[in-house]
Amino acid sequence: MEPEWRRHLVDEGDGTMRIHAHGAMKTDARLITDAAHIERHADDRGPEQLINTASLPGIVGDAWAMADWHYGYGFPIGGVVATDMEHGEMGGAISPGGVGFDINCGVRFLALDATAQDIPNLKKLAGRLAGRIPAGGSGKGGIDITKSDLNDILQRGAHAAADLGHGLHEDLTHLESQGLLETDEATVSQRALERGMRSLGTLGSGNHFLELQTVGQVVDDSTASAWGLYEDQVVAMIHSGSRGLGHQVCTDHVRNLESSYKQQDGAWYNEQWDYTLPDRQLASAPVHSKEGQAYLDAMNAAANFAFANRAVLADRLRTVLQLEMGVDGEARTLYDVAHNIAKSETHVVHGKNCSCMVHRKGATRAFGGDHPDIGPQFATTGQPVIVPGDMGNGSWIMAGSTKGSNQAFGSSCHGAGRALSRSQAKKTLDGKALKRSLEERGVRVHASTPNVLAEEAPDAYKDVDEVIRLTSEAGLARPVARMNPLAVIKG
């Protein structure tokens, strides 16, 4: 039987489809898609989750799903939802499910002034990277830090890491929010602290990776030139987040909030705030409530840990590159962007300025060059938007607008997006065969288990080129350059 939302689906003709508000929805929902794309992924439950998010108290504008949407926890991955911070007495809702368990999972993009021909021995380089970049679910291999160091990192993010000698101070202006989100108490549980003590400077497992790439095709010459990018250049992407510390922060707050909701008339009800939600996984609190502020403060602390984590990983990458390539291995940070975060931002909604709590879950900022949070080095190009694809087909870097904000609260896609669940991929794809196939094509692959390769196989993901096309057609960001994989380190 056709799901009800399809009866409310309309092609807007601008690269988006709209699901008109019905049932408990307070706003419309919008998907970055076209007819062929939505049919190809018709069995995904993401659109139903998007519809559920449109019922959040205080929601403003539309509930958005980027072109890489897929099913997640409460919110779909690729979901962008904003709530009015001045709604009611305590502001609109903030939902941990709208950020996800890997708080400030994100990507750092580094560029070398070298080509693949400058790498003396790719096999040796890839092997040394695999040895020096700890990967896997255990968190083993993190750098040694003290409790005082960890507390400083939770409060000052990448700035604290740089002061500890991990990462460059000059990188900081090339990071989203300069690698630091404001915290009052930076209060996280003892269990979160324990998990953070041992995992700083580790990649993690699943879709996290470190990848050496070459710039395969430049499609926006002026922007690429402004960013110092050129064809055949060696670049790197580091995709990781807040590791076990962030997961624990989300777990702690999700448990606390979900326990305050009771089932009532087929929905979930919180008596304290008079909140009714269609899915318990959307458990939320008013942003200015004690619970909302406690989550936001802990989330910012975990996000700071993630910024520091990518700084340490970049430091480890640079060490290996310089050992293997000498001066050719010097790598500069172009940008570092979060794609699991909630942030207070000002946007124009229905012609009026709105102080919004913007949830981006598997979505990245794509701000214009004139935005006050964007560094002057990007004033004429717009913000870099880093879009990892899959380890077989390639990745992209895009740019936000030169001026102004796009219609999706200044947001864009964050990757290719899953087409198969991890369990489906493991059942149908052969990780060992994939490794052989990639290496026959000249892509070095190091992964802790064949299962990870099966879960992360190219066939488990949407076509990244299609996701980029849809994102561009909807006017969210413009393509700058496409990257090809060279060496992949997976957990």
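The values are calculated or read from the model by the stated rules, or taken from the named source; none is laboratory data. Quick caveat: nothing in here was measured; it's all calculated off a predicted structure. For neighbour counting, all protein chains shown are included, and Cβ atoms are generated from backbone atoms with ideal geometry for every residue, glycine included.
Specify which of the listed residues (Ala433, Ala419, Ala408, Ala474) is buried (at least 17 other Cβ atoms within 10 Å of the Cβ) and at pLDDT below 95.
Values: Ala433 fails: buried (at least 17 other Cβ atoms within 10 Å of the Cβ); Ala408 fails: at pLDDT below 95; Ala474 fails: at pLDDT below 95.
Selected residue: Ala419, the only one of Ala433, Ala419, Ala408, Ala474 that is buried (at least 17 other Cβ atoms within 10 Å of the Cβ) and at pLDDT below 95.
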What's the number of the condition Ala425 fails, among (1) of a type in the set (Gly, Ala, Ser); (2) touching a Leu at 6+ places or on another chain (Cβ under 9 Å); (3) not in a loop (DSSP other than H, G, I, E, B)? (2)
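State yes or no: is Gly216 part of a strand (DSSP E or B) and either small (Gly, Ala, Ser) or surrounded by fewer than 20 Cβ atoms within 10 Å (Cβ to Cβ) (or both)?
Yes, satisfied.
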Could you grab me the full set of residues in region 376-397 that are out of contact with any Gly (no Cβ under 9 Å at 6 or more places or on another chain) and closer than 18 Å to Tyr230 by Cβ? Gln377, Ile397
Give Gly244, Gly266 a once-over and let me know the one that is of a type outside the set (Asp, Glu) and in contact (Cβ under 8 Å) with a residue 60 or more places away in the chain. Gly244
Within region 359-377, which residues are surrounded by fewer than 24 Cβ atoms within 10 Å (Cβ to Cβ) and not in a loop (DSSP other than H, G, I, E, B)? Pro376, Gln377
Residue that is surrounded by the most Cβ atoms within 10 Å (Cβ to Cβ), among those in region 109-126 that are within 16 Å of Leu229 (Cβ to Cβ) and either among the aliphatic types (A, V, I, L, M) or touching a His at 6+ places or on another chain (Cβ under 8 Å) (or both): Leu110
Do the conditions hold for Ile341, that is, is it closer than 13 Å to Glu176 by Cα, aliphatic (A, V, I, L, M) and buried (at least 23 other Cβ atoms within 10 Å of the Cβ)? yes
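Could you list, in sequence order, the residues of region 162-182 that are under 22 Å from the mean Cα position of the chain (by Cα) and either part of a helix (DSSP H, G or I) or under 13 Å from Ala308 (Cβ atoms) (or both)?
Those that are under 22 Å from the mean Cα position of the chain (by Cα) and either part of a helix (DSSP H, G or I) or under 13 Å from Ala308 (Cβ atoms) (or both): Gly167, Asp171, Leu172, Thr173, His174, Leu175, Glu176, Ser177, Gln178, Gly179, Leu180, Leu181.
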Within the group Arg191, Arg280, Arg243, which residue is under 19 Å from the mean Cα position of the chain (by Cα) and modelled with pLDDT of 95 or more? Arg243
Just one listed residue, out of Gly92, Gly97, Gly61, Gly79, is modelled with pLDDT of 95 or more, on the phi > 0 side of the Ramachandran plot and either buried (at least 23 other Cβ atoms within 10 Å of the Cβ) or not charged (D, E, K, R) (or both), and it is Gly61
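Determine whether Val467 is touching a Ser or Thr at 6+ places or on another chain (Cβ under 9 Å), crowded, with 24+ Cβ neighbours inside 10 Å, at pLDDT 85 or above and among the hydrophobic types (A, V, I, L, M, F, W, C).
On the way: touching a Ser or Thr at 6+ places or on another chain (Cβ under 9 Å): no; crowded, with 24+ Cβ neighbours inside 10 Å: yes; at pLDDT 85 or above: yes; among the hydrophobic types (A, V, I, L, M, F, W, C): yes.
So Val467 fails the test.
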